[in-house]
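Note sheet for the following structure.
Nothing in this text is a laboratory measurement; each read-out follows from the coordinates by a stated rule. Bear in mind that the values here come from a model prediction, so they are computed numbers and not experimental data. FYI the Cβ positions are ideal-geometry reconstructions off the backbone, even for glycines, and counts take in every protein chain you see.
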Amino acid sequence: MRIKKVRLGGISVPLISIFLGLVVGAIIMLLSGFNPLINYLNLFSGALGTPNAIGEVFRSATPLILTALGFSIANSAGFFNVGLSGQALAGWLASVWFALSFPHLPGFILLPGSIIMGALAGAFWSGIAGFLRAYFGTSEVITTIMLNYISLYGTNAIVKGVLTSSDADSTPLVPIQARLRTPFLEKLTGNSTFHWGIVISLFMVFVIWWLMKKTTLGFEIRSVGMNEDAARYAGMSTKKTIISAMLLSGALAGLGGAMEGLGNFQNIFVNTSLPDIGFDGMSVSLLATGNPIGIIFSALLFGILKIGGLNISISSNTPSEIVNIVIASVIFFVGANYIIQYLISKIKTNHNSSKLISNSIKGGHK
Amino acid sequence: MKQEQTNHNYAIEMKNLTKKFGNFVANDRISMKIKSGEIHGLLGENGAGKTTLMNMLSGILKPSSGQILVNGKEVHLNSAKDATNLGIGMVHQHFMLVQNFTVLENIMLGIENTSFFGILNRQEAKQKVVNLSKKYGLKLDLNAKIEDVSVGMQQRVEIIKVLYRNADILIFDEPTAVLTPQEVDELLETLKLLASEGKAIILISHKLKELKAVANKTTIIRRGKVINTVDMANTSPEVLAEMMVGRKINFQRERKSVKTGKEVLKITNLKVINEQKIVKVHDFNLTIHAGEIVGLAGIDGNGQSELVKSLTGLKPIESGKVLINDKDLTGASPRKITHNGVGHIPEDRQRFGLILQMNLVENASLQVYNQPPYSHGLFLEPKAMVKMTKEILSDYDVRYSDLSENVGALSGGNQQKLIIARELSRNPSLLIAVNPTRGLDVGAVEFIHSQILKAREMGNAILLISYELEEVQQLSDRIAVIHEGTIVGQAKNEDLTESEIGLLMAGEKLENKEEIIHAH
């Protein structure tokens, strides 16, 4: 059992984790004197009840899909990219900066250009950690955490000092032709912030799935992640693979940031803390056990909880933070998957003559 | 009075012992009886159920049905502690010792005698250990740390540990796997001495020669069932082997005469240091020709790992030169070395040779995935990979149920055969094989040896590194002995006796044999 990586087959563990997470949320609501049933009804109607809410759910899932893919690709290569937030912020800044710098370019150049700049900035930021890890063995956990702070304050300094003229806290909106939000989508979803980014996210899901399964690079990334010694024995360059995986991871996080810059907010402003999409992306990926298709559903669930959570505090005096407890519990139970698997096998053992255990013993015997 | 009664009984007796894991029957109605003073061999292939049986005797597993009798009385073992209390002790194949504790501390570990406030009572323990050590002639350096003592002494520590716990029934699990021939002889003497003192001994071994030398009786098990229990005095090794695997086994390795060709591997003055900057290989010179097997004998930890890793590009070379087919490949990358015709059967198959969580096709393609026809540019060609995998797995008799199963699900023997299939199917002009049959049963060993010999007949050069001296002697044309990182002697296989090799392995000099030592 490797601890560093969460690698599971099937969807039973995520589903059970979600259920248990909701149960923990319910218990806490009960203890605090709130009615869990009504709150959960409010949550789901608030997230799925109107076209506007559904649009918001998709918008909120869009960057999460990208950061989660970023986390999962780094995790496949065997390391833990904690720097998704900083990389996303770098991508957000770069995309907005590029869009604001060339307001006269036509949309078919400016929009893709801004998106690509976001990806490159994210890749550059994670590449620093990848380079340090590959050549000096520096722990990527520490370097990415540090790089997060540099990204946060560096971005704020650039927003105040370079992108705004009078020390303002936010930049003007990006030119219309660089925006991902369109009147058509707004009309479709009752004026939500839903934007075309979802198409990019879904496309990237396909690209990453294909890359990991069908290309030599994906094969190398998976090999290095599962057994670095054997990968080296087989002649793969672990340095090159580590850096490639880290660059891809950061590029995806940067894309996630660009979704915020060109879609959700359409500008960049002084952030007091690192953007949530980075850390939430890790959670989304863990819940999906790194599976690209699973990440879509997992990101949507997070969108539902986040958007629906707002409705809890509108409809009752329950604080919307309860949703964070639910999310945290869900991730806790995913992390505790070993226990869940143990329980599942225990239940199965009682039901059908312990097939699971006998297989594992037989395996160990040969 | 009581003493007399027990004399009529067996020290330990198993009656119809059965262990099921779900539907899988690991042990099927196994019965064995061992008297005090008897050495009883237990022989069986990997997966035959020896470990399961012994785990039941030492309290780690509970039998599904059947009885265990100790001195004639039925016992129920619920933990390893119960077994210890009943005088059953096990000397494990992989030593269970704390590396940076002293010998004495390791022996005391777990049953420390403490006075007030938990202060260790070393003096008393020490006296007991010294007495035991004298009684059985097991030399120990009580104050040395385990990491500093030889493998042979580590094993003696394990034996004393068991005796210190007053064991009367001793189980030895493959005890000679890691020893030099001299140490093996000493161990066998110790076993005889222990038996003469009235201990009952169960000796698990693959090595028929050793069982033949010391065991009174041997029980052979196959697929969880007892095949037979035989008197060793009138049973030949061939019969034993046949009972073990269920078919005739050929022990004779036929080395057809092959004309050796040009130099394939030439190592000059190689020096390799490890991460702690300690010199592991130095002044190392070796040449291997086409059609020749050179066996490198030596005790584990004398620089073999570092040598192989440096030759295959996994470890940097400090100085010296490595020529393969006249091409300078000193310090080249593993991929470049592979592409220049080197196959490598690594020492630790699960750590280096395979990716256990990946499937058979992916593992079979590990070195070739990046070249046509298995990929074009960035794009893998799964069909070509599957086709190649099917072919080599059937050529090398790897048994599997599905190509998409993870390699981790294969048995150890089949995992090793997969590696051998992958390495030999590329027809490497130099094959570096490290412990190619470690932990495998005689059937698999026979097959792997025949493949290595076939590679030799095809005119390939083979460097065979093995801690099993018997294997080196069976296969090699020439034997070189490595000690503390350098070759201390080499000669034609026929010119070196087993005891001479043993002396060289232990770092002794051979008198009157100077010419052999420096012969080339």
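The distance from the alpha carbon centre of the range A:86-124 to that of the range B:220-295 is 63 Å, rounded to a whole number. Bridgeable aspartates and glutamates around B:Lys259 (alpha carbons under 14 Å apart, same-chain partners fewer than 8 residues away excluded): B:Glu292, B:Glu457, B:Asp477. Just checking the listed ones, A:Gly278, A:Gly335, A:Gly308: in the Gaussian network model of chain A with Cα springs under 10 Å, the one fluctuating most is A:Gly335. Straight-distance candidates among the lysines for linking to B:Lys390, with alpha-carbon spacing under 25 Å and chain neighbours fewer than 8 residues away dropped: A:Lys213, A:Lys214, A:Lys362, A:Lys366, B:Lys417, B:Lys454. Among beta bridges identified by DSSP and lying wholly in the protein assembly as shown, the antiparallel ones come to about 60 percent.
Anything over 30 Å Cα to Cα? Flag those among B:Lys207/B:Lys315; A:Lys239/B:Lys321; B:Lys139/B:Lys212; B:Lys271/B:Lys327; B:Lys135/B:Lys492, in the order listed. The partial results should precede the final answer.
Working: B:Lys207/B:Lys315 34 Å; A:Lys239/B:Lys321 25 Å; B:Lys139/B:Lys212 26 Å; B:Lys271/B:Lys327 19 Å; B:Lys135/B:Lys492 42 Å.
Violating the 30 Å limit, Cα to Cα: B:Lys207/B:Lys315; B:Lys135/B:Lys492.
The residue list A:Trp97, B:Gly137, A:Pro175 was ranked by how far each Cα lies along the charge dipole of the protein assembly as shown toward its positive end, using unit charges on Cβ atoms, and A:Pro175 comes out on top.
How many percent of the alpha carbon pairs in chain B exceed a separation of 34 Å? Summing the P(r) tail past 34 Å for chain B gives 45 percent. Taking label points 7 Å from Cα along the Cα-to-Cβ direction, B:Lys327 and A:Lys240 give a separation of 1.7 nm. Counting only Cα atoms, the size of the range B:10-245 along its three principal axes is 51, 38, 29 Å, in decreasing order.
For B:Gly66, neighbours were defined as the other residues whose beta-carbon sits under 12 Å from its Cβ, and their charges (Lys and Arg +1, Asp and Glu -1) total +2. The alpha-carbon of B:Lys217 sits under 13 angstrom from the alpha-carbons of these aspartates and glutamates, leaving out residues fewer than 8 places away in its chain: B:Glu38, B:Asp231. Given a Förster distance of 45 Å, report the FRET efficiency between B:Lys135 and B:Gln67 from their Cβ-Cβ distance, rounded to the nearest 0.05. E(calc), rounded to 0.05, equals 0.85. Restricting the calculation to alpha carbons of the protein assembly as shown gives Rg and Dmax of 33.1, 110 angstrom.
For the segment B:369-375, counting C-beta atoms of other chains within 10 Å of every residue's C-beta and taking the mean gives 3. At q = 0.12, 0.16 Å⁻¹, work out log10 I(q)/I(0) for the range B:351-427 with the Debye formula, treating every Cα as an identical point scatterer and leaving solvent out; two decimals please. Log10 of I(q)/I(0), two decimals: -0.28, -0.51.
Between the listed residues A:Thr144, A:Val270, B:Ala455, the Cα displaced farthest toward the positive end of the dipole of the protein assembly as shown, a dipole computed from Cβ unit charges relative to the Cα centre, is found at A:Val270.
Other chains' Cβ within 10 Å of B:24-37 residues: what's the mean? If you can, show how the numbers build up before the last one.
Values: counts 8, 1, 4, 0, 0, 0, 0, 0, 0, 0, 0, 0, 0, 0.
Per residue, the number of nearby Cβ atoms from other chains is 1 on average.
Mean per-residue shielding of peptide B:346-356 is 4, counting Cβ atoms of other chains within 10 Å of each Cβ.
Placing unit charges on each Cβ (+1 for Lys and Arg, -1 for Asp and Glu) gives chain B a dipole about its Cα centre, and among B:Gly439, B:Gly507, B:Leu77 the Cα reaching farthest toward its positive end belongs to B:Leu77. Expressed to the nearest 5 percent, the antiparallel share of DSSP beta bridges inside the range B:10-245 is 60 percent. With the cut-off at 1.5 for a/c, could you classify the range A:52-342 from its C-alpha gyration tensor as rounded, prolate or oblate? It comes out oblate by the Cα gyration axes.
Run through the DSSP bridge list for chain B and note the antiparallel percent, rounded to the nearest 5. Beta bridges within chain B, antiparallel portion: roughly 55 percent. Local charge for B:Asn234 was computed over the other residues whose Cβ lies under 12 Å away, with Lys and Arg +1 and Asp and Glu -1, and equals +1.
Could you please report the charge total around A:Leu48, scoring K, R as +1 and D, E as -1 over all other residues with beta-carbon less than 15 angstrom from its beta-carbon?
Numbers: positive: A:Arg59, A:Lys306; negative: A:Glu56.
Net of charged neighbours comes to +1.
Taking 0.36 nm per residue of separation and subtracting the current Cα-Cα distance, fully stretching the chain between B:Arg165 and B:Asn234 would add 21.3 nm. A straight chain from B:Thr268 to B:Phe24 at 0.36 nm per residue would run longer than the Cα-Cα distance by 82.5 nm.
Placing unit charges on the Cβ atoms only, positive for Lys and Arg and negative for Asp and Glu, gives the range B:351-427 a dipole magnitude near 100 debye about its Cα centre. A Cβ-based charge dipole, computed about the Cα centre of the range A:52-342 with Lys and Arg at +1 and Asp and Glu at -1, lands at about 560 debye. Packing here is the average count of other Cβ atoms within 10 Å per residue, and on that basis the peptides B:27-33, A:80-86, highest first, run A:80-86, B:27-33. Ellipticity at 222 nm from helices only: DSSP H runs of n ≥ 4 in chain B, each -39500 (n - 2.57), divided by the residue count, give -9500 deg cm²/dmol. A Cβ-based charge dipole, computed about the Cα centre of the protein assembly as shown with Lys and Arg at +1 and Asp and Glu at -1, lands at about 1680 debye. In terms of other Cβ atoms within 10 Å, B:Ile60, B:Ile204 run from fewest to most in the order B:Ile60, B:Ile204.
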